[in-house]
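Here the structure is laid out as structure tokens; the discussion comes afterwards.
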Amino acid sequence: MITVDPDRLQLQPGQRVLDLGCGEGRHAIHLWLTDAVDVFAVDLNIEDVATARERARPFAESGEGTGRLLLGVANGLSLPFADNSFDVVICSEVLEHIVDYQSVLKEIDRVLKPTGIFAASVPSYFPEWVCWKLSDEYHQVEGGHVRIFRERQLRGSIESLGHRFFARHRTHALHAPYWWLKCLLWERPQSRLLQGYHRLLVWDLMEKPRVTRLLERLLNPLLGKSTVLYFVKPPVSQTETETAVEAAA
């Protein structure tokens, strides 16, 4: 399930991509398989990194990767990379977990090359607010969400670093009701209703039927579970900045 739109990343062969907070590798593995780029995927959770490695193994053994995939453990507050190391940075569904998220944004800015693209996604305000109202456990579990972002808050934090916003979208609208049910039935994870909805989502992910694709496209602006924002880091000159934004858009 891809949250960030690869087409908006303007990837070119040979570029270096950082997937910060890669989790079990959904974005990293996808980009490794579809674009001839070097993907560096890091996460603080060693178990998630191990899962990502196992998921990537069959593709590596069959030679399906078109670029390189490097997986490792790292802390977003102190990344083990030199300044200006990456052409693209993805940080998807991560910042809502971090108390000092501004410091993570500064680290992203440090390792991203001038004119590089940064894509950040967080849970959308309204669907997330409903989850918090329905269940305290949802956001109080270890490693859970510590805040509900408003879009203008996140955008403002990134723009304060000089990055230029150029695109946004919401996605995964069909997943919002699932999480509402999950929160409502937190003490009943084996509920038939919850399990049935989960099977529907899996079927939709695997089969991609037109009816659900159309329904989600219509619902995304209102109920999209995730909000994705795209930025360009400024280059040395203002003229180059405007050119980079136009090309990315």
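Since every read-out is calculated from the coordinates, none of them should be taken as a lab result. As the structure is a prediction and not an experimental result, all values here were calculated from the model. Positions of Cβ are backbone-derived with ideal geometry, glycine not excepted, and every protein chain shown enters the neighbour counts.
Tabulated values for the structure
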item	result
Region 123-170: GluC sites (Glu not before Pro) in DSSP loop, at most 13 other beta carbons within 10 Å	GLU142
Cα gyration tensor shape of region 175-223, rounded if a/c is under 1.5, else prolate or oblate by comparing a/b with b/c	oblate
Neighbourhood net charge (14 Å Cβ-Cβ; Lys/Arg +1, Asp/Glu -1) for LEU69	-2
Cβ-derived FRET efficiency at R0 41 Å, LEU205 paired with ASN84, nearest 0.05	0.65
Radius 14 Å from Cβ of TRP132, net charge of other residues (Lys, Arg +1; Asp, Glu -1)	+1
Under the span-like rule (Cα at least 18 Å along the axis, Kyte-Doolittle mean at least -0.5), DSSP H helices of the chain	192-207, 210-223
Length added when fully stretched, GLN190-ARG55, from 0.36 nm per residue minus Cα-Cα	46.0 nm
Summed residue charge, Cβ within 12 Å of VAL49's Cβ, Lys/Arg positive, Asp/Glu negative	-4
At most 16 other Cβ within 10 Å, DSSP loop - chymotrypsin sites (Phe, Trp or Tyr not before Pro), region 155-205	TRP186
Lysine pairs with alpha-carbon atoms under 21 Å apart, the chain, spacing 8 or more or separate chains	6
Gain on full stretching of the segment that runs from VAL236 to PHE126 - 0.36 nm per residue minus C-alpha separation	35.8 nm
Value at 222 nm in deg cm²/dmol, rounded to 500, when DSSP H runs of n ≥ 4 in the chain each add -39,500 (n - 2.57)	-13500 deg cm²/dmol
Principal axis dimensions, region 1-102 - Cα atoms, whole angstrom, descending	40, 29, 26
